[in-house]
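Input: a single structure, listed below in structure tokens.
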Amino acid sequence: MTTVARVLTLILAASALAAPAAAQGRAETLVVLTEFGPNSMDIHGVGANFRAYGASWTLYDRLLSHGTKTLADGSRSYDHNVLKPELAESWTMAPDGMSVTFKLRKDAKFHDGSPVTARDVKWSFDRAVTVGGFPTFQMKAGSLEKPDQFVVVDDFTFRVTFLRKDKWTLPDLAVPVPVVINSTLARKNATDKDPWAMEWLKNNDAGGGAYRLESWKPGQETIYVRFDDWKSGPLPKIKRVIVREVPSAGNRRALLERGDADVSVDFPPRDVADMAKSGKLTVIGTPVENAVIYVGMNAKNPPFNNVKVRQAVAHVVPREKIFEASMFGRGVVLNTPVASNTPGHDPALWPYKHDRARARALLTEAGFPNGFETTLSFDIGNTTVYEPAAVILQEALAGIGIKTTINKITPANWRAALLKKDLPIFINQFGGWLNYPEYFFLWTYHGQNSLFNTSSYQNPEIDKLIEAAHQESDPKKYADLVRGFTRIAIADVPKVPLMQPNADVAMQKNVGGYQYWFHRQLDFRTLTKQ
Amino acid sequence: MVRSPLLRMIGRRLLAAAPGLIGVVVVTFLLNRALPGDPAAFFAGPAATQQAIAEIRTKLGLDRSLPEQFALYVRDLARGDLGHSLTTGQPVTADLLARLPASLELTLCGLVLAVSVALPLGILAATRPGSWIDHLARLLTTAGVSLPIFFTGLVLVYVFYYLLGWAPAPLGRLDAFSTPPRPVTRMFLIDSVLAGDGALFWATARQMILPAVTLALFAMAPIARMTRAAMLGVLASDFVRTARAAGLSRHTVMVTYALRNALLPVITLLGMVFSFLLGANVVVEKVFAWPGIGSYALEALIASDYAPVQGFVLAMASLYVLLNLLIDVLYGVIDARVRIET
């Protein structure tokens with residue numbers, strides 16, 4: 001008995017001692033909850049997941065960043081129209097407009113204390129355009145394709161020469177992909193088989209961002225500590241960030257409401273709506289720019305290859321009902337393929353009214369007076385939103401004789417199914433990082449038939465307008481072109497837009513400084529805790 | 001060479017398990033490939049082109065023929081390399097080593113808890129059939145089997161953490177501000193004792209309570225029922241009647257004669273319950289953010305991430321082989337009539 005008593009006393013004494021120390025740490029530490037965590041610290045790595053982009057955003061700097069603006073609801077957002085310096089102090093366009101020269105900060109350091117030079121920038125950009133997969137694809141979106149485009153002028157001067165004039169080039173240098181890596185450190189850990197140190201950088205931090213990696217337990221937690229020598233912006237207020245992975249949304253909510261966590265993301269809309277209503281937490285939702293949830297139809301195969309069938313569907317899709325049942329008011333109802341906060345958004349263009357008689361007439365004209373049977377598919381990875389949407393859509397389609405069987409597809413199979421492009425009618429979404437309507441249309445409606453042109457829609461007319469809008473610098477002509485391709489997309493209606501999802505985040509009342517980013521990752525640099 | 005019959009039996013049993021394990025390797029490999037998912041498409045990320053997906057497929061070796069992929073897999077396996085997980089980005093061997101102790105610790109705690117409640121409960125229910133304790137046992141066992149395990153888990157979290165605030169946050173093995181003990185066994189309860197850190201032991205034990213109770217509620221039902229049934233059978237048997245007639249004390253009759261004989265089927269059942277619990281872990285780990293192998297395998301399965309699923313199944317199969325062996329050895333200890341040579 002005495003041993004037990006002694007152990008108990010020891011435990012009590014120790015926990016009494018530990019408590020104040022922990023409380024002190026808590027004031028400067030931010031506890032963040034996510035559903036799942038990063039699978040890599042390197043955004044260039046094969047299969048780097050969504051949260052890996054966030055890890056990379058935290059650990060690394062880029063040459064450019066964006067300014068900040070205040071939205072109508074008072075929340076803060078990055079400013080799509082304003083590029084501002086990060087590692088680059090300034091930049092100048094060449095008179096012929098075919099290159100840009102960056103002056104780097106001379107005082108910037110990597111986490112190991114070595115200076116950031118133009119050689120590091122070149123090595124990093126060379127890596128991004130060479131390793132293939134997602135980083136190479138994203139660089140290409142800004143016409144950044146070949147290593148010889150990246151020129152070291154001197155230690156602190158770096159030039160990018162252009163293959164063609166492209167207004168997406170500079171914004172593409174402010175997305176999460178073109179990170180600046182400590183090339184000396186990375187090279188030390190490269191091998192003959194792995195010249196870009198892919199293996200090493202997956203698990204290690206070679207950055208110069210505002211936070212260093214303290215520890216990373218894949219599938220459990222990631223801990224960042226502030227890099228006090230950071231020069232690319234004002235020193236962040238939060239000293240330490242603990243990101244815990246909590247798979248259950250209910251538990252993430254309970255942890256927030258009990259005050260055991262400061263910030264949490266990855267909630268289904270219903271939880272967000274409840275938390276916002278209760279008023280105990282700060283809940284901020286920003287409609288994700290250039291992102292649309294839509295009903296897609298296969299424009300290549302019967303029966304949806306007939307435009308009249310697609311128009312009939314457009315006439316009966318009950319988007320308000322779907323929005324209410326699936327999004328609980330979080331997001332925006334959309335009746336145009338251009339998202340609400342993307343240039344060119346014009347709800348007046350939508351001609352389809354809820355009109356069952358007209359829909360039936362269109363089906364009869366198309367040769368389906370008695371309707372037909374088909375399958376309606378969605379990805380169960382987003383089931384809290386898609387399932388109610390699918391059920392309501394199924395009911396609406398049944399009203400005009402289109403009988404659908406619901407086909408739930410697992411996330412792993414969803415991409416494979418999209419690749420095959422043989423789903424007849426489905427619910428899906430797409431979002432583009434660069435907030436230009438023609439960027440969105442290039443991926444989703446253009447005849448290059450990317451994976452995201454899920455309808456396999458082909459129309460040379462729309463291709464021409466999309467490409468012209470990309471090149472156009474005159475605002476008036478640009479607006480006309482955008483209206484032009486939007487009109488075609490609405491008339492041919494391979495996709496019926498439903499709604500725009502929110503990027504929702506819930507936090508304690510004493511947490512401030514949250515800012516929306518197009519990449520939907522938390523930026524710890526601006527966050528504060530009182 | 002091996003003299004001890006026990007060791008010889010263990011050796012023979014392990015050899016006999018080899019074909020089974022080989023079968024497991026082949027079947028999990030084929031089953032995984034038969035699933036309709038496409039890991040390359042999944043891991044190409046949200047902005048993938050056909051070309052990007054093809055590049056990833058080549059990198060993952062998924063463009064090779066099935067026999068070729070299998071040969072490579074077996075070659076790596078022979079070197080102790082279970083491949084890489086795409087979901088965590090780490091080698092599967094490292095992931096399993098880091099996560100298996102978490103699952104085992106939780107399962108064992110759940111099992112110990114279940115046995116320490118269910119065994120006395122079953123015995124008492126058998127000795128006093130029809131009494132209030134028998135009814136209590138019936139109620140608990142019915143509830144235990146009929147409540148889905150995730151539901152029990154969520155209710156416990158809701159009541160004891162969210163409403164009452166007695167239990168700590170369901171944040172896995174440790175709260176966000178504690179550092180795990182120096183890894184020896186990688187079971188935090190044992191390691192914190194080895195490190196002599198009382199506060200840490202308490203922090204770990206607190207986290208353990210709710211998930212262990214969730215598992216125990218589920219496991220108690222079959223153990224209590226089986227104990228009761230076995231005890232009833234034994235108590236009605238001739239040798240117990242004889243022992244009673246001979247005037248042996250109630251304690252001797254109950255423990256030495258009845259319980260010892262009733263334990264045999266219970267031990268068999270414990271083996272099965274342990275396997276069930278490892279399976280049930282998948283759900284409990286999800287609810288309590290417990291970083292074990294169950295949640296690991298589930299994540300991997302959703303992503304069609306072959307290597308971790310194969311590693312998980314292989315690890316589980318090996319675990320079952322060892323478990324069955326252990327149970328057979330225990331038989332010999334409990335009942336000398338079960339000769340280990342047979």
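The values are calculated or read from the model by the stated rules, or taken from the named source; none is laboratory data. Remember, predicted model here, so these are calculated numbers, not experimental data. Using ideal geometry, Cβ is built from the backbone for each residue, glycine included, and neighbour counts are taken over all protein chains shown.
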Every listed condition ((1) touching a Pro at 6+ places or on another chain (Cβ under 9 Å); (2) at pLDDT below 90) holds for B:Pro211 save (2)
### Task
Considering every residue within region A:63-77, establish whether at least one is of a type in the set (D, E, K, R), exposed (fewer than 15 other Cβ atoms within 10 Å of the Cβ) and more than 30 Å from A:Asp504 (Cα to Cα).
no
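Residues being farther than 25 Å from B:Phe42 by Cβ and in contact (Cβ under 8 Å) with a residue 12 or more places away in the chain: count how many of those fall in region B:75-99. Reasoning before the result, please.
Residues of region B:75-99 farther than 25 Å from B:Phe42 by Cβ: B:75, B:78-80, B:97.
Checking the rest, the ones that are also in contact (Cβ under 8 Å) with a residue 12 or more places away in the chain come to B:80, B:97.
Looking only at that region, the number is 2.
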When every residue in region B:187-201 that is farther than 19 Å from B:Pro211 by Cα and at the interface with another protein chain (Cβ under 10 Å from one of its Cβ atoms) is compared, the one surrounded by the fewest Cβ atoms within 10 Å (Cβ to Cβ) is B:Gly196
Scan region A:123-130 and tell me whether some residue there is crowded, with 17+ Cβ neighbours inside 10 Å and within 14 Å of chain B (Cβ to nearest Cβ). yes
Being more than 25 Å from the chain's Cα centre (by Cα), under 30 Å from B:Leu139 (Cβ atoms), without any contact (Cβ under 8 Å) to a residue 40 or more places away in the chain and more than 14 Å from every other protein chain (Cβ to nearest Cβ) narrows B:Ser249, B:Ser237 down to just B:Ser237
Taking region B:156-186 and keeping residues more than 11 Å from every other protein chain (Cβ to nearest Cβ), surrounded by fewer than 19 Cβ atoms within 10 Å (Cβ to Cβ) and farther than 14 Å from A:Leu255 by Cα leaves B:Arg182, B:Pro183, B:Val184, B:Thr185, B:Arg186
Among helices (runs of 4 or more DSSP H) completely within region A:291-379, the ones holding 3 or more residues that are over 31 Å from the mean Cα position of the chain (by Cα) and over 28 Å from A:Thr410 (Cα atoms) are A:307-316, A:356-365
*asked:* Could you go through region A:368-384 and let me know if any residue there is closer than 18 Å to A:Ala489 by Cα and at pLDDT below 95.
replied: no
Picking from B:Ala216, B:Ala212, B:Ala143, the residue that is part of a helix (DSSP H, G or I), more than 14 Å from chain A (Cβ to nearest Cβ) and under 19 Å from A:Asn251 (Cα atoms) would be B:Ala212
| Is it true that B:Leu277 is surrounded by fewer than 18 Cβ atoms within 10 Å (Cβ to Cβ) and at pLDDT 80 or above? | no
Looking across region A:446-470 at residues that are within 25 Å of the chain's Cα centre (by Cα) and in contact (Cβ under 8 Å) with a residue 60 or more places away in the chain, the single one that is surrounded by the most Cβ atoms within 10 Å (Cβ to Cβ) is A:Ser455
Among residues of region A:33-78 being more than 13 Å from every other protein chain (Cβ to nearest Cβ), out of contact with any Pro (no Cβ under 6 Å at 6 or more places or on another chain) and assigned to a loop (DSSP other than H, G, I, E, B), the residue farthest from B:Phe177 (Cα to Cα) is A:Ala72
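Which one of A:Leu144, A:Leu59, A:Leu87, A:Leu71 is hydrophobic (A, V, I, L, M, F, W, C) and touching a helix residue (DSSP H, G or I) at 6+ places or on another chain (Cβ under 7 Å)? Spell out how you get there, then give the answer.
Working: A:Leu59 fails: touching a helix residue (DSSP H, G or I) at 6+ places or on another chain (Cβ under 7 Å); A:Leu87 fails: touching a helix residue (DSSP H, G or I) at 6+ places or on another chain (Cβ under 7 Å); A:Leu71 fails: touching a helix residue (DSSP H, G or I) at 6+ places or on another chain (Cβ under 7 Å).
The unique qualifying residue is A:Leu144.
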Exactly one of A:Asp480, A:Asp504 is in a strand (DSSP E or B) and more than 24 Å from A:Leu376 (Cα to Cα), and that residue is A:Asp504
B:Gly153 meets each of (1) within 20 Å of the chain's Cα centre (by Cα); (2) outside any helix (DSSP H, G or I); (3) within 11 Å of chain A (Cβ to nearest Cβ); (4) not hydrophobic (A, V, I, L, M, F, W, C) with one exception, condition (2)
Here the residues within region A:394-442 that are surrounded by 20 or more Cβ atoms within 10 Å (Cβ to Cβ), assigned to a helix (DSSP H, G or I), free of Cβ contacts under 8 Å to residues at least 40 places away in the same chain and in contact with a Ser or Thr (Cβ under 7 Å, 6 or more places away or on another chain) are A:Ala412, A:Leu418
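Could you grab me the full set of residues in region A:186-217 that are part of a strand (DSSP E or B) and in contact with a strand residue (DSSP E or B) (Cβ under 8 Å, 6 or more places away or on another chain)? Talk me through it step by step, then tell me what you get.
First pass over region A:186-217, keeping only residues part of a strand (DSSP E or B): A:211-217.
Listed by number, the residues that qualify are A:Tyr211, A:Arg212, A:Leu213, A:Glu214, A:Ser215, A:Trp216.
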Scanning region B:47-74 for residues that are surrounded by 15 or more Cβ atoms within 10 Å (Cβ to Cβ) and at pLDDT below 75 gives B:Ala47, B:Ala48, B:Thr49, B:Ala52
